[in-house]
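The structure under discussion appears below in the form of structure tokens.
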Amino acid sequence: MVYELDGVQHARSLPDAVPGSRVQTESVTYRATWTEDQLVIMTRDALRFTRDTRPPVVIERVIRQALSLDATGNLVMDSLIVPDPLPDGTRQDPPIPMRAIYRKLQ
């Protein structure tokens, strides 16, 4: 993936549709910029979920990714996915932050 690191909102191409999938991506935009020692990428997308007995529903979400190098040179990626509330009022669990650490094998 190539990002423009100018802090401006950009449209991103949609992923190829998977035949028979109940989830289709309707739109994707991103904004990427450096904030001190982190590369921060904010992605906003809309997903259409097809359901058997009810009409399809579109859920929008924001994904925040912050990438940085730690003191030992490992790449650290902190992510948080925040979906919009479901329109039918179903209770949603709070977002869970995730951290991945990548290191170069010697």
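Nothing in this text is a laboratory measurement; each read-out follows from the coordinates by a stated rule. Note that this is a predicted model, so its numbers are computed, not measured. Neighbour counts are summed over all protein chains in view; Cβ atoms, including those assigned to glycine, are modelled from backbone coordinates with ideal geometry.
Could you please rank TYR102, TYR3, placing first whichever residue has the fewest other Cβ atoms within 10 Å of its Cβ?
Details: TYR102 9, TYR3 14.
Least crowded to most crowded, the residues run TYR102, TYR3.
What nm distance separates the two modelled labels at LEU86 and ASP6, each placed 7 Å from Cα along Cα→Cβ?
Each label point lies 7 Å from its Cα, and together they span 4.0 nm.
Taking just the alpha-carbon atoms of the chain, what radius of gyration and Dmax come out, in angstrom?
16.7, 53
So, counting K/R as plus one and D/E as minus one, what does the shell of residues with Cβ under 12 Å around GLU4 add up to? All intermediate terms of the calculation are to be shown ahead of the outcome.
On the way: positive: ARG12, ARG31; negative: ASP6.
Summing Lys/Arg as +1 and Asp/Glu as -1 gives +1.
Report the net charge of residues surrounding SER13, where surrounding means a beta-carbon distance below 14 angstrom and charges are Lys +1, Arg +1, Asp -1, Glu -1. Show your work: numbers first, answer last.
Values: positive: ARG12; negative: GLU4, ASP16, GLU26, ASP45.
Local net charge: -3.
If I take R0 = 35 Å and measure r between the Cβ atoms of VAL18 and ASP78 in this structure, what FRET efficiency does the formula 1/(1 + (r/R0)^6) give, to the nearest 0.05?
Numbers: r = 28 Å, r/R0 = 0.81.
Efficiency at R0 = 35 Å is approximately 0.80.
Take SER68, project a point 7 Å from its Cα along the Cβ direction, then tell me which residues of region 2-45 have their backbone nitrogen under 12 Å from it.
Output list for this probe position: 35-40.
Provide THR72, THR50, THR43 in ascending order of the number of other Cβ atoms located within 10 Å of each residue's Cβ, fewest first. Walk me through the intermediate numbers first.
Values: THR72 7, THR50 13, THR43 18.
Result, fewest neighbours first: THR72, THR50, THR43.
May I ask you to derive the FRET efficiency for ALA100 and VAL57 from their Cβ-Cβ distance with R0 = 41 Å, giving the value to the nearest 0.05? Don't skip to the answer; put the middle values down first.
Details: r = 30 Å, r/R0 = 0.72.
So the FRET efficiency works out to roughly 0.90.
With equal scatterers on the alpha carbons only and no solvent term, can you work out the Debye log10 of I(q)/I(0) for region 44-99 at 0.31 1/Å?
The computed values of log10 I(q)/I(0) come out as -1.22.
Using every Cα-Cα pair within region 1-58, state what percent have a distance larger than 15 Å.
Values: 962 of 1653 pairs.
Tail of the P(r) past 15 Å holds 58 percent of the pairs.
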